[in-house]
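What follows draws every value from the coordinates through simple rules; no lab data is involved. Given the structure is predicted, the values throughout are model-derived calculations rather than measurements. With ideal geometry, Cβ positions are generated from the backbone for all residues, glycine too; neighbour counts draw on all protein chains shown.
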Amino acid sequence: MEQETIRAVREAELEAEQIEKAATQERKNILAKAQAEASQTISQMTAEAKARAAAALDAARENSKSLQTDAVAASKQEIAELHERAKAKAGEVRNLILTELI
């Protein structure tokens with residue numbers, strides 16, 4: 001009876017040791033998997049952030065080009081209007097000069 005108890009205790013200790021080793025290995029496996037998933041998630045999120053930043057930069061460049069084009073067109077229009085006003089004033093100036101000379 002005593003020997004059976006000792007054998008049962010030893011078997012229980014061995015089984016507990018095996019369970020502990022298995023649990024330790026499972027913990028290591030779970031941790032390694034979690035680290036790999038975290039690394040992959042970080043890489044994916046970084047790539048997505050870079051893509052969004054590139055898209056925002058492209059949109060800003062397009063907006064800048066559009067604003068520049070609009071500003072150039074407005075400036076050309078204003079220059080044309082100033083030329084027309086200068087031509088109109090040139091005729092008035094000639095008439096004024098002629099009337100002063102006569």
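Quick rundown of the values:
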quantity: Structure-based [θ]222 nm, the chain - -39500 (n - 2.57) summed over DSSP H runs of at least 4, per residue, nearest 500; calculated: -37500 deg cm²/dmol
quantity: Karplus 3J(HN,Hα) series, Hz, for the stretch 38-55 with 6.51 cos²θ - 1.76 cosθ + 1.60 (x for Gly, Pro); calculated: 5, 4, 5, 5, 4, 4, 5, 5, 5, 5, 5, 5, 5, 5, 5, 5, 5, 5
quantity: Most fluctuating residue given options Ala73, Ala90, Ala60, as computed from a GNM of the chain linking Cα atoms under 10 Å; calculated: Ala90
quantity: Net length gained if the chain between Arg7 and Glu92 were fully extended (0.36 nm per residue, minus Cα distance); calculated: 18.0 nm
quantity: Net lengthening on full extension, Ala54/Lys21 (0.36 nm per residue, minus Cα-Cα); calculated: 7.0 nm
quantity: Cα centroid separation - the stretch 82-102 against the stretch 18-58, whole Å; calculated: 80 Å
quantity: In nm, spacing of pseudo-spin labels at Met45 and Glu62 (7 Å Cα→C-beta vector); calculated: 2.8 nm
quantity: Whole-Hz ³J(HN,Hα) from phi, Karplus 6.51 cos²θ - 1.76 cosθ + 1.60, for the stretch 84-99, glycine and proline x; calculated: 5, 5, 5, 4, 5, 5, 4, x, 5, 5, 4, 4, 5, 4, 5, 5
